[in-house]
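Let me begin by presenting the structure, written as structure tokens, before commenting on it.
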Amino acid sequence: MNLKKKKLFLWSALIFAALGTTLGQSAYDLHFQGLLADIEGKSISNEPFELSVQLKTESGQEVLFEFNSSTKTNEEGWFGFTISEISRYLLKDGEISETIVIWMEFLPNENTKWIRNGDDFMVTYTLAPTLVDNSKQLKITRMEGTELMIHSEDHLYVFIDQYPFAYLTGGFLVTDKPPITNQSIADLQHWLSPDDQDEEGAASRGVKGGFPSGGYYKKN
């Protein structure tokens, strides 16, 4: 972990422990920011692709919410999406107590160059309540079990994935006081942006034989 991320982790842990934001019955919005880069760490700029997002039950048998969109990265390789009132899928008997799976599938279209037909891939996270110091908090976990680093302040959770997938570096914002501000999104992008020393090719992005390890899997 580089110095910037170490400082952020310590700061996050202290604030998170001190504030102890309790999950109430407020409506929570979720925003995802992703940075696309090739296996050499070069940003994939102004590139179109098809994005499919689903929320599923923990068992994976029921789709709670889904959308499909034609998406394009900006000049720096960023893209994002928002799911309004995601809290409704976490509720049981009026309290946030359910675990849901956030499922993302990246597919090429006729103008996509960075992935070919058949190379589409899926990434999944779980969003769940957890008990910390006798109060319910939120956590997001990668599919292989690694918890995302968290920063919490008044009405805002920030979740940062420290271990990029091939192509994708991502993080989440969750708030009970929407809308999520442009400044919060800019801060998240700053925290997610790799330092120069991290952009050392495939090895630094968890890639084995052209595909990432730990959390990514190709569509069958």
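The values are calculated or read from the model by the stated rules, or taken from the named source; none is laboratory data. Treat the numbers as computed from the prediction; the structure is a model and nothing was measured. Positions of Cβ are generated from backbone atoms using ideal geometry, with glycine treated the same way; all protein chains shown enter the neighbour counts.
Just to verify a result, which residue in the range 115-138, among those that are without any contact (Cβ under 8 Å) to a residue 60 or more places away in the chain and more than 17 Å from the chain's Cα centre (by Cα), is nearest to Ile185 (Cα to Cα)?
Step by step, filter the range 115-138, then rank; the result is Thr130.
Of the numbered conditions (1) polar (S, T, N, Q); (2) modelled with pLDDT under 90; (3) in contact with a strand residue (DSSP E or B) (Cβ under 8 Å, 6 or more places away or on another chain); (4) part of a loop (DSSP other than H, G, I, E, B), Asn220 fails exactly one; give the number of that condition.
If we test Asn220 against (1) polar (S, T, N, Q); (2) modelled with pLDDT under 90; (3) in contact with a strand residue (DSSP E or B) (Cβ under 8 Å, 6 or more places away or on another chain); (4) part of a loop (DSSP other than H, G, I, E, B), just (3) comes out false.
When you check Leu107 against the structure, is it closer than 16 Å to Val174 by Cα and in contact (Cβ under 8 Å) with a residue 24 or more places away in the chain, yes or no?
no
Kindly check whether there is at least one residue in the range 139-146 that is touching a residue at least 60 places away in the same chain (Cβ under 8 Å), more than 16 Å from Asp176 (Cα to Cα), part of a strand (DSSP E or B) and not hydroxyl-bearing (Ser, Thr, Tyr).
yes
Taking the range 37-74, which residues are of a type in the set (A, V, I, L, M), part of a strand (DSSP E or B) and at pLDDT below 95?
The answer is Ala37, and nothing else.
For the range 162-188, enumerate the residues that are of a type in the set (Asp, Glu) and touching a helix residue (DSSP H, G or I) at 6+ places or on another chain (Cβ under 8 Å).
Asp176
Identify, from the list Glu98, Glu105, the residue that is surrounded by fewer than 19 Cβ atoms within 10 Å (Cβ to Cβ), in contact with a helix residue (DSSP H, G or I) (Cβ under 9 Å, 6 or more places away or on another chain) and at negative phi.
Selected residue: Glu98, the only one of Glu98, Glu105 that is surrounded by fewer than 19 Cβ atoms within 10 Å (Cβ to Cβ), in contact with a helix residue (DSSP H, G or I) (Cβ under 9 Å, 6 or more places away or on another chain) and at negative phi.
Residue under question is Glu85, and the condition is that it be out of contact with any Lys or Arg (no Cβ under 9 Å at 6 or more places or on another chain) and either under 21 Å from Ser26 (Cβ atoms) or crowded, with 16+ Cβ neighbours inside 10 Å (or both); does it hold?
Judged against the criteria, Glu85 is a match.
Can you name the residue in the range 147-162 that is more than 10 Å from the chain's Cα centre (by Cα) and outside any strand (DSSP E or B) and is also modelled with the lowest pLDDT among such residues?
Asp154
State yes or no: is Thr112 among the β-branched types (Val, Ile, Thr), touching a His at 6+ places or on another chain (Cβ under 8 Å) and touching a residue at least 60 places away in the same chain (Cβ under 8 Å)?
No.
Phe165 versus (1) modelled with pLDDT of 90 or more; (2) buried (at least 19 other Cβ atoms within 10 Å of the Cβ); (3) not charged (D, E, K, R): which is the lone unmet condition?
(1)
Could you check the range 173-183 and list, in sequence order, the residues that are among the polar types (S, T, N, Q) and crowded, with 17+ Cβ neighbours inside 10 Å?
Once the filter is applied, which keeps residues that are among the polar types (S, T, N, Q) and crowded, with 17+ Cβ neighbours inside 10 Å, the range 173-183 yields only Thr175.
Can you name the residue in the range 75-101 that is of a type in the set (Val, Ile, Thr), free of Cβ contacts under 8 Å to residues at least 60 places away in the same chain and part of a strand (DSSP E or B) and, of all such residues, is farthest from Gly34 (Cα to Cα)?
Ile100
Do the conditions hold for Phe79, that is, is it within 14 Å of the chain's Cα centre (by Cα) and either of a type in the set (Val, Ile, Thr) or modelled with pLDDT of 95 or more (or both)?
Judged against the criteria, Phe79 is a match.
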